[in-house]
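See below for the structure under consideration.
The values are calculated or read from the model by the stated rules, or taken from the named source; none is laboratory data. Quick caveat: nothing in here was measured; it's all calculated off a predicted structure. Cβ sites come from the backbone with ideal geometry, for glycine too, and all protein chains shown count toward neighbours.
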């Protein structure tokens, strides 16, 4: 076949593909952006309630019905920051809480740091097997002072989920909060995130708190003292992304009664419910997502009246990847987890017995979260190809691209407007400017890269490749004297 | 309109919307910053007086007099600042702040605002009336428990707790179980502020169809040691269909139970009961402090649930001599851990 023949053939294929997909893609495109805007509207309503509440109500936390909380902290090679983290967790404002650290076979002296800082002594405690844990428990320690509510359990290395499950077994309070050892909670975070449980003690089974990137902010003694935008554009874009997808998206889902994802970095659950469903699944990549779906399924199967809530105001600050290597690993893992969990729970899809979770949230996640990168990749490939082959005229293609990315920016700006009106965590004008620029830059390169990485994760799962967690290289918080 | 025109028009509209949103974001920030600065400037001349009154250092009333003279926008800003302070101070300083608010006419305005169309105004009014302990607002606040807006209902419940009149206890409990409920936590806190006159309302609420109402009533019964609730609590421990209610009842019995409740609690430590309830009952037996629980607790030291066994050992140590004798020289992780923890606590108490 001659070169021109090949080009003609390719042109015909591209034309055929464009004819075939143009209408479905336009519809998809309109629906996905409309759904984002709808979620933002729903979240804004929630923010308005929260705003009014703050404006008009005396804040009365920590009252008679406030349940005790066990903070579950899995730690693997966290020697650098573990003592500061535990001290910060112990000093949170809350009437009754304990910290349970599970040292997951660290080799960097994580336990030694804890033993030294808290003067730990060993106790011969046997931990219940409320949820099964395969790894052997090495020993259990408590502080010598007899009053600091800290428990440190050492176990053989077997992964984060098993560490959380062991901490769950060791926990003694009715609520358990899963906290990453490197996260920073605001002083009132526990009081606020447990509020749904206090307000509705018989129905609420789980609640998630907002997570925001800490990069660039000033941290003193494990506390955020001033919120700043990160120095790298990669992290700045993630600030915008977290705001749109995590804060507003999840608040919107919570408002519509169909929240199916609570981040493992800051989620709080009724202990008896997590035990009842069997704890975290150690074989799952998206273990937090999987747990919440399992809770929904269990509750719905039993016909129980229950609620899963999201509280936008308590904030857990976490370090986000500042290099493309780490970000790639994270996004691959997230998308792989999404796919494997959605596939595992496909039986809930479109089943009326699972209510809005089965009829709205799961179909949405399948169509607009799982397949979104596939369609976006199709667009990224086909539009330049069509331009190259002269199948579409340049102004037409440019207008289409302007519309596509313009709508994406519009969604992000809507999220920013809601944030600025309600929480406005970034005080400085400079930070506001950087956020606005980041909302535009997100669409130039970043978005296309994450599309590719997400597809890599999905593909690896389909090929049955073993998931390698990788190492999140932490640069640490900017600790400065006040 | 052709497809091409539409395609040209749509990005233009989107671009305009984006620019509009940027303006909204900037405008919001500017407006907020200006509002905060203006409020700070209005309150600034009175800052020393505010500090003196809220710190209880206004014996001659001169600072109050100056605050009472405030007028115009300064007075409104001051009222807002004093309301915030009222939520943080108690006793004489709180009375003095309320006195100034009276002088400003803020209380009368709040009475009217309870029916204002703005939910923020209604909620703020309820808050102020509660903080100033305005008894004549009782009827209006009780009616606000059924307000369509959640924050107004919550503020009203909070205010009723601050006023502390037990006559509205039943209204508060009823409001927990409606389709537009008040938060259970706010209700429990309000009831705890109403003193001993709520025992009948609590006892009745333990029969309510809503598990949340029963939970609140059980919790408050236990915290306040309302012994008239005890017979019904015993029934609920056995028969309530909701596990949260039963666990709360076990905690309540730990606070107000008597010797005969040992048997009631003991029944629910049996192996066929739900694990959380068994554990709650064992802890309750320790807190109850009745020596007659010792044999049962000793028998639980060998329970298959290591948490329950350790709780039993800890509970025995709470029972004094009888409990310690029952624990005797029993070996094993449960007994040993309980002993070590008790020793650590004692050593700490000795050094501090």
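Worth pointing out:
- Residue A:208 vs. criteria part of a strand (DSSP E or B) and in contact (Cβ under 8 Å) with a residue 60 or more places away in the chain: yes
- The residue list B:17, B:52 contains one member that is in a helix (DSSP H, G or I), within 14 Å of chain A (Cβ to nearest Cβ), surrounded by 13 or more Cβ atoms within 10 Å (Cβ to Cβ) and touching a helix residue (DSSP H, G or I) at 6+ places or on another chain (Cβ under 6 Å), which is B:17.
- Set B:244, B:230: member being surrounded by fewer than 24 Cβ atoms within 10 Å (Cβ to Cβ) and more than 8 Å from chain A (Cβ to nearest Cβ): B:230
- One residue stands out among those in segment B:299-324 that are over 24 Å from residue A:129 (Cα atoms) and touching a residue at least 12 places away in the same chain (Cβ under 8 Å): the one that is nearest to the other protein chains (Cβ to nearest Cβ), which is B:317.
- Total residues in segment A:49-71 satisfying the condition of being at pLDDT below 90 and at the interface with another protein chain (Cβ under 7 Å from one of its Cβ atoms): the figure is 11.
- When residue B:147 is tested against (1) assigned to a loop (DSSP other than H, G, I, E, B); (2) closer than 21 Å to residue B:90 by Cβ; (3) within 13 Å of another protein chain (Cβ to nearest Cβ), only condition (2) is not met.
- Qualifying residue in segment A:72-93 (condition: within 12 Å of another protein chain (Cβ to nearest Cβ) and surrounded by fewer than 20 Cβ atoms within 10 Å (Cβ to Cβ)): no
- Subset of segment B:55-67 (residues that are part of a helix (DSSP H, G or I) and within 33 Å of the chain's Cα centre (by Cα)): B:64, B:67
- Residues (within 21 Å of the chain's Cα centre (by Cα) and free of Cβ contacts under 8 Å to residues at least 24 places away in the same chain) located in segment A:368-384: A:371
- Among the criteria (1) more than 21 Å from the chain's Cα centre (by Cα); (2) surrounded by fewer than 18 Cβ atoms within 10 Å (Cβ to Cβ); (3) within 26 Å of residue A:229 (Cβ to Cβ), the one residue A:449 does not fulfil is (1).
- Residue identified as at pLDDT below 95 and surrounded by fewer than 24 Cβ atoms within 10 Å (Cβ to Cβ) among A:204, A:225: A:225
- Meets criteria (without any contact (Cβ under 8 Å) to a residue 24 or more places away in the chain, assigned to a helix (DSSP H, G or I), within 14 Å of chain B (Cβ to nearest Cβ) and surrounded by fewer than 19 Cβ atoms within 10 Å (Cβ to Cβ)) for residue A:6: no
- Filtered residues of segment A:123-151 (kept if assigned to a strand (DSSP E or B) and more than 14 Å from every other protein chain (Cβ to nearest Cβ)): A:138
- Of the residues screened, residue B:154 is one that is without any contact (Cβ under 8 Å) to a residue 60 or more places away in the chain, crowded, with 22+ Cβ neighbours inside 10 Å and within 10 Å of another protein chain (Cβ to nearest Cβ).
- The single residue among A:308, A:315, A:357 that is buried (at least 21 other Cβ atoms within 10 Å of the Cβ), modelled with pLDDT of 95 or more and in contact with a strand residue (DSSP E or B) (Cβ under 7 Å, 6 or more places away or on another chain) turns out to be A:308.
- Scan of segment B:207-221 for residues that are more than 9 Å from chain A (Cβ to nearest Cβ) and either surrounded by fewer than 24 Cβ atoms within 10 Å (Cβ to Cβ) or at pLDDT below 95 (or both), ordered by number: B:207, B:208, B:209
Here is a yes/no grid of residues against (1) modelled with pLDDT of 95 or more; (2) more than 24 Å from residue B:251 (Cβ to Cβ); (3) in contact with a helix residue (DSSP H, G or I) (Cβ under 9 Å, 6 or more places away or on another chain); (4) surrounded by 22 or more Cβ atoms within 10 Å (Cβ to Cβ):
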position: A:117; (1), (2), (3), (4): yes, yes, yes, no
position: A:133; (1), (2), (3), (4): yes, yes, yes, yes
position: A:164; (1), (2), (3), (4): yes, yes, yes, yes
position: A:179; (1), (2), (3), (4): no, yes, yes, yes
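- Looking only at segment B:175-203, residues that are surrounded by fewer than 24 Cβ atoms within 10 Å (Cβ to Cβ) and free of Cβ contacts under 8 Å to residues at least 24 places away in the same chain come to 1 in all.
- The requirement of being within 23 Å of residue B:187 (Cβ to Cβ) and out of contact with any helix residue (DSSP H, G or I) (no Cβ under 9 Å at 6 or more places or on another chain) is not satisfied by residue B:217.
- Residue match in segment B:335-352 (condition: under 29 Å from the mean Cα position of the chain (by Cα) and either within 14 Å of chain A (Cβ to nearest Cβ) or surrounded by fewer than 22 Cβ atoms within 10 Å (Cβ to Cβ) (or both)): no
- Only one of B:121, B:136 that is exposed (fewer than 14 other Cβ atoms within 10 Å of the Cβ) and either in a helix (DSSP H, G or I) or at pLDDT below 95 (or both): B:136
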